[in-house]
1. Looking only at A48, A59, A89, which one moves most when the chain is put into a Gaussian network model with springs between Cα atoms under 10 Å?
2. Just the number, please: carbon plus sulfur as a percent of the accessible area of the chain, 1.4 Å probe, no ligands or DNA/RNA counted.
3. Can you work out the FRET efficiency for the pair E10 and W70, with r the C-beta to C-beta distance and R0 = 35 Å, to the nearest 0.05?
4. Please identify, among G50, G68, G90, the residue showing maximal mean-square fluctuation in a Gaussian network model of the chain using a 10 angstrom Cα cutoff.
5. As an exercise, identify the chymotrypsin sites (Phe, Trp or Tyr not before Pro) in region 1-98 lying in DSSP coil whose Cβ has no more than 16 other Cβ atoms within 10 Å.
6. Springs between alpha-carbon atoms under 10 Å, Gaussian network over the chain: tell me which of L52, L40, L21 tops the mean-square fluctuations.
7. What accessible area, in Å² to the nearest ten, does a 1.4 Å probe give for K62?
8. Between (1) 20.0; (2) 15.0; (3) 18.6, which matches Kirkwood radius over Cα pairs in Å calculated for the structure shown?
Amino acid sequence: MRDAIEPAGEIVCPNCSDANLAGADFCARCGAPVGRFTTLDPLKSTYAEGWLFRKAANARIKPIVLIGMWALLGVPIVAAVAVAIIRPAGTPTLRILGSVGIGLIYLLVLVRVTRNYFRNRPGPGPYDPDP
């Protein structure tokens, strides 16, 4: 029954559909884990997790993710700017500097996400399954 799905002596990669030798743990073409026991060995498991993280990091960012990041992190940035400009009476300077510092960190995250979105937008990313 197994030979009807896959030819004898070969494993098909679920990521790139390339044929690999029967004893292979990782795809020779794309590096995806293909072996049945790949995640049982600690070193192979670490490599498989790293491959998954690299795949996620290199994938094209979807527009909803960009909108969500701006919705989540844009509000604290606006609040930090408002606090710095208005400066309510009795607010310690350290608290204002802290909110401005956090706002700058959020702004850096938003700049990075937006830049990655526009950089990877013209075509699918290297591991993006969507055409």
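1. In this elastic network of the chain, the residue with the biggest mean-square fluctuation among A48, A59, A89 is A89.
2. Working: 6320 of 9340 Å².
Reported share for carbon and sulfur atoms: 68 percent.
3. The value I calculate is 0.15.
4. It is G90.
5. On the way: sites: F26, F37, Y47, W51, F53, W70; in loops: F37.
Passing sites in region 1-98 are F37.
6. In the Gaussian network model the winner is L40.
7. 90 Å²
8. Derived directly from the coordinates: (3).
The values are calculated or read from the model by the stated rules, or taken from the named source; none is laboratory data. No experiment lies behind these values; they were computed from the predicted model shown. Heads up, the Cβs are rebuilt from the backbone with ideal geometry, glycines too, and the neighbour counts pull from every protein chain shown. Keep in mind that these areas ignore ligands, DNA and RNA; they rest on the heavy atoms of the full protein, side chains included. Shrake-Rupley method; radii C 1.70, N 1.55, O 1.52, S 1.80 Å.
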